[in-house]
Amino acid sequence: MSASDRGGAVIGDITAALDPILAGLRRRPDLEAPELRAHDAADRLLLELAATEHADALVGREIVVVGDTHGALALGALALGARHVRVHQDSIVAERALAANAAAVGLTACSHHPLAEVASTDARLALVRLPRALDALDAIAREVARGSHSGVALLAAGMVKHMSLGANDVLRGSFDRLDVSLAQRKARALVARNPRPAGEIAALEPARARDAALGLEVVAVPGAFAGASVDIGARALIAALDRAPRVGAGGTIIDLACGTGLIATTLARLNPEARVIASDASAAAVASARLTAAANGVEVEVVQDDGLGSQPEARADLIALNPPFHVGAAVHTGIALRLLDEAARVLRPGGELWVVWNSHLRYAPALERAVGPTRQVARGPKFTVTASTRR
């Protein structure tokens, strides 16, 4: 058999192993829609590179996977011969999607870990989906370099249109060698090798900033949306909250999709006797919200949750929501609409949902349907704040 024939046979074996896994992946409990997929070309590129160029570090070994959205990387690696996969996923929704897909195909040799604990000295291969934020990539690279075998290779990939040249510099901060793959199916991979000595790499500390206009300190761990700044939607909602109903002792307020916790912190200041809960699907957001509340001297309960799944029905007096408008890299209103339904379930009759939204999206009819009568509280060139009363 010629070299080209052997190469073709290897690719054929990889395709045969991967295709059934990838074809059967579902997004549940994440939003499912015809235009949304549970894997993409970057996932396949990472798996093909692992199998063709790093097989000795993959087959029969433990590997690390970071940023897997619905299980393509972890389950694909197991199908290609990995013994065990240590996984870190920022989103609890992604964790649950991986668990559901793993159970469906009977590949369950995965364990979930916080980012600081995901690396293993037994692991010589890490597969990473490039995050949108460079500080998140920096934190991942540091932890993999610090905690893995000295021969580890970190393979990070994304769709070319979403990649930044800054990612190269970030990886070079923790690894001595960096190679860039050719683009395939509009995806590209970065391959980092030769980690720097662990003693030269410190864990990345949370970012802190004082917002003078709000009189608040913002604390953000790597990967938290907007970092240690205040996104303009949150700022618009916070500016309107002094007009929200006050909630006293025994009442419950929720900051849904809380991000770094600035809205929850503001609500706790305005309602010192109420129980204030901050909820987000993101581990980075939850960690940031705890730190932000503590930095501002207020009491906030912070939970990682898929929407408000852990909250009982008809208990909350007030819910504030600065909804996400992206599903991965795609602009999509589906998650926001789901969160409106969640808020309606958890609000008591007569309770209020305060939402900030991009004015051009015209959410008022959806709020009327999901929650109840809706009034405009504030409106600017970009954002509208509304209050909806639960029927």
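For region 288-301: of the residues being surrounded by fewer than 24 Cβ atoms within 10 Å (Cβ to Cβ) and aliphatic (A, V, I, L, M), which is nearest to G250 (Cα to Cα)? Looking at residues that are surrounded by fewer than 24 Cβ atoms within 10 Å (Cβ to Cβ) and aliphatic (A, V, I, L, M), I get V300.
In the condition set (1) farther than 30 Å from V180 by Cβ; (2) surrounded by 24 or more Cβ atoms within 10 Å (Cβ to Cβ); (3) within 18 Å of the chain's Cα centre (by Cα), V221 is compliant with all but (1).
Among the criteria (1) outside any loop (DSSP other than H, G, I, E, B); (2) under 27 Å from D30 (Cβ atoms), the one A268 does not fulfil is (2). When region 147-173 is filtered for residues that are in a loop (DSSP other than H, G, I, E, B), hydrophobic (A, V, I, L, M, F, W, C) and closer than 21 Å to A82 by Cβ, only V152 remains.
Checking each residue in region 124-146 for being surrounded by 24 or more Cβ atoms within 10 Å (Cβ to Cβ), more than 19 Å from the chain's Cα centre (by Cα) and not in a helix (DSSP H, G or I) picks out only L125. Kindly establish whether D56 is modelled with pLDDT of 95 or more and over 27 Å from A202 (Cα atoms). It is true that D56 is modelled with pLDDT of 95 or more and over 27 Å from A202 (Cα atoms). Among the conditions (1) under 23 Å from D306 (Cα atoms); (2) touching a Gly at 6+ places or on another chain (Cβ under 9 Å); (3) in contact (Cβ under 8 Å) with a residue 60 or more places away in the chain, D138 misses just one, which is (1).
Do we find a residue being in a helix (DSSP H, G or I), over 26 Å from A198 (Cα atoms), among the hydrophobic types (A, V, I, L, M, F, W, C) and free of Cβ contacts under 8 Å to residues at least 60 places away in the same chain anywhere in region 100-122? There is at least one residue in region 100-122 that is in a helix (DSSP H, G or I), over 26 Å from A198 (Cα atoms), among the hydrophobic types (A, V, I, L, M, F, W, C) and free of Cβ contacts under 8 Å to residues at least 60 places away in the same chain.
Taking the options A183, A167, name whichever one is of a type in the set (G, A, S), out of contact with any Asp or Glu (no Cβ under 9 Å at 6 or more places or on another chain) and modelled with pLDDT under 95.
Working: A167 fails: modelled with pLDDT under 95.
Criteria check complete, one pass: A183.
The values are calculated or read from the model by the stated rules, or taken from the named source; none is laboratory data. The model shown is predicted, which means the values in this text are computed figures rather than measured ones. Methodologically, a virtual Cβ is constructed for each residue, glycine included, from the backbone with ideal geometry; neighbour enumeration extends over all protein chains shown.
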